[in-house]
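The values are calculated or read from the model by the stated rules, or taken from the named source; none is laboratory data. Only a predicted model underlies this, so the values are computations on that prediction, with no experimental measurement involved. Cβ coordinates were reconstructed from backbone atoms using ideal geometry, including for glycine residues, and neighbour counts include every protein chain displayed. Remember, those area values only see protein heavy atoms, side chains included, never the ligands or the DNA or RNA. Shrake-Rupley method; radii C 1.70, N 1.55, O 1.52, S 1.80 Å.
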Amino acid sequence: MTASGEQQGRVTIRQVAVHAGVSEAAVSYALNGRPGVSEQTRARVLAAARELGWAPNIAARSLGTARANAVGMVLVRPPRVMVVDSFFTQMLSGVEAELNRNDVALVLHLVDDFAETIDVYRRWYAGRHVDGVIMTDLRHGDPRPAALRDIGLPAAVIGGGDSDLDGFDLAGLSSVDADTAGTALGIVNYLRALRHRTIFRVAGPRELLHTVQRDAAYSAAAATAGDIEYRAVYTNYGAADGMRATRELLSLAEPPTALVFDNDVMAAASLKVAHEMGLSVPGDFSVVAWDDSDLCQITVPEITAVVQVPALQAELTARALLTAIGGGGETRLTLPPGTLTARQSTRPPRAR
């Protein structure tokens, strides 16, 4: 079949895709010389285009190279977790603040399965829906950095500064990280000064890179102190899972005198567990939250927490991405440690 025979008018990418037996996205990658398809597929597409007499549509090509004026984020966490986690609210507000200043839209996509994220990136790139993406929640063996380099989409990461802990490469991607080591050291030193020696942690999902970073940071802080017993249990960040982990730790033959939580929701939920078990905070154990929020200040007792700056971190990440989209290269920043605010949930341990 040729353009002058059975076909009428201009040969389309869809016709090339059918003839080559591949997707339209694969045809787009191949005809535009972009990564994302194998060399065998590229050769098959080019051969099909020649056989059909395909020629580029100059008007469409000029539209295709125009900016989308949009940035994408694919979030894998369940919506029910996002609703109660103040970190995500602050993170999104920071991203929006920077994008709004530059008249750039945010395309937010929620998925249930982590494997779906790269498919979304490919569809966004093929359809020119976004100019770049912001990533968060890096994971063990995370395939997204390499995939985004192959696809050709600029990207910036909220966190990820210590990616060597997980062995993958962030080369070519911007990142804005927090000083995890400094924050953990501040928490451990504060509790140690109160004479706590068993400091246990209710952590987030163990597959997340920032959970790994905090593991390393707390372990290093405990080792530096020399007389601190530290251990962690892992959760899904939700209140119910945090309560389960709290009960588990407080039911030990020798329970900890201090619990630190990876978010404010689980720290607040621990107060309910204390009440159910006939214990008191801070009488029987002290509580510290990694992330401060209004929730930490309206509980009884008020919760000692670390003032982080997720909105600023996200805002700077969006700015780094826009710089990369504009051809300014990659940005790497690390913010100072969070500031610990002591409240009613911490005091020296009761003598046992």
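Can you find, within the stretch 296-316, the residue that is farthest from Thr180 (Cα to Cα) among those that are part of a loop (DSSP other than H, G, I, E, B) and open to solvent by 60 Å² or more (accessible area, probe 1.4 Å)? Steps first, please.
Taking the stretch 296-316 as the starting set, the residues that turn out to be part of a loop (DSSP other than H, G, I, E, B) are 299-303, 308-309.
Restricting the remaining residues to those that are open to solvent by 60 Å² or more (accessible area, probe 1.4 Å) gives 300, 302, 309.
Values: Val300: 28, Glu302: 24, Val309: 12 Å.
Per the criteria, the residue is Val300.
Applying the criterion of at least 1 residues that are at pLDDT 75 or above to the helices (runs of 4 or more DSSP H) found wholly in the stretch 9-98 leaves 13-20, 24-31, 39-52.
Residue count for the stretch 317-352 under the criterion of being crowded, with 16+ Cβ neighbours inside 10 Å, assigned to a loop (DSSP other than H, G, I, E, B) and more than 20 Å from the chain's Cα centre (by Cα): the result is 5. Filtered by the rule that a residue be in contact with a Gly (Cβ under 8 Å, 6 or more places away or on another chain), within 15 Å of Phe261 (Cβ to Cβ) and modelled with pLDDT of 95 or more, the stretch 316-342 gives a lone residue, Leu340.
With respect to (1) open to solvent by 50 Å² or more (accessible area, probe 1.4 Å); (2) in contact (Cβ under 8 Å) with a residue 24 or more places away in the chain, the lone exception for Ala223 is condition (2).
Among the residues of the stretch 265-295, those that are under 30 Å from the mean Cα position of the chain (by Cα), in a helix (DSSP H, G or I) and at pLDDT 95 or above comprise Met266, Ala267, Ala268, Ala269, Ser270, Leu271, Lys272, Val273. Checking each residue in the stretch 183-213 for being part of a helix (DSSP H, G or I) and either at pLDDT below 95 or farther than 16 Å from Trp290 by Cα (or both) picks out Arg192, Ala193, Leu209, His210, Thr211, Val212, Gln213. Scanning the stretch 116-129 for residues that are closer than 20 Å to Asn69 by Cα and part of a helix (DSSP H, G or I) yields Val120, Tyr121, Arg122, Arg123, Trp124, Tyr125, Ala126. Checking each residue in the stretch 138-155 for being out of contact with any Pro (no Cβ under 9 Å at 6 or more places or on another chain) and closer than 25 Å to Asp262 by Cβ picks out His140, Gly141, Asp142, Pro143, Arg144, Pro145.
Candidates in the stretch 118-139 are the residues that are of a type in the set (Asp, Glu) and within 18 Å of the chain's Cα centre (by Cα); of these, the one that is surrounded by the fewest Cβ atoms within 10 Å (Cβ to Cβ) is Asp119.
Number of residues in the stretch 216-242 that are out of contact with any Asp or Glu (no Cβ under 7 Å at 6 or more places or on another chain) and farther than 19 Å from Phe87 by Cβ equals 14. Residues in the stretch 219-247 that are assigned to a helix (DSSP H, G or I) and not aliphatic (A, V, I, L, M): Ser219, Thr224, Asp241, Gly242, Arg244, Thr246, Arg247. Among the residues of the stretch 187-209, is there at least one that is of a type in the set (Val, Ile, Thr), surrounded by fewer than 23 Cβ atoms within 10 Å (Cβ to Cβ) and closer than 29 Å to Gly141 by Cα? Checking the stretch 187-209: not a single residue is of a type in the set (Val, Ile, Thr), surrounded by fewer than 23 Cβ atoms within 10 Å (Cβ to Cβ) and closer than 29 Å to Gly141 by Cα. Of everything in the stretch 86-98, what is crowded, with 17+ Cβ neighbours inside 10 Å and closer than 17 Å to Val74 by Cα? Give them in sequence order. If the condition is that a residue be crowded, with 17+ Cβ neighbours inside 10 Å and closer than 17 Å to Val74 by Cα, then Phe87, Phe88, Gln90, Met91, Leu92, Gly94, Val95, Glu96 are the ones that fit.
Scanning the stretch 224-244 for residues that are on the phi > 0 side of the Ramachandran plot and among the small types (Gly, Ala, Ser) returns a single hit, Gly226.
Checking Thr257, Thr235 one by one, the residue that is open to solvent by less than 30 Å² (accessible area, probe 1.4 Å) and within 17 Å of Pro301 (Cα to Cα) is Thr257 and no other. So, of the residues in the stretch 293-315 that are touching a Gly at 6+ places or on another chain (Cβ under 8 Å) and of a type outside the set (S, T, N, Q), which turns out to be farthest from Tyr218 (Cα to Cα)? Only one residue fits best here, namely Glu315.
Those residues that are of a type in the set (Gly, Ala, Ser), in contact with a Leu (Cβ under 9 Å, 6 or more places away or on another chain) and in a loop (DSSP other than H, G, I, E, B), I need them from the stretch 99-115; list them, please. Can you show your working first?
Here is the first cut: in the stretch 99-115, the residues of a type in the set (Gly, Ala, Ser) are 105, 115.
Applying the additional criterion that residues be in contact with a Leu (Cβ under 9 Å, 6 or more places away or on another chain) yields 105.
Result: no residue meets the conditions.
Out of the residues in the stretch 99-117 that are open to solvent by less than 30 Å² (accessible area, probe 1.4 Å) and modelled with pLDDT of 90 or more, state the one that is nearest to Asp241 (Cα to Cα).
Start the filter on the stretch 99-117 by keeping residues that are open to solvent by less than 30 Å² (accessible area, probe 1.4 Å), which leaves 99, 104, 111, 117.
Narrowing further to those that are modelled with pLDDT of 90 or more: 99, 104, 117.
Values: Leu99: 35, Val104: 37, Thr117: 25 Å.
Selected residue: Thr117.
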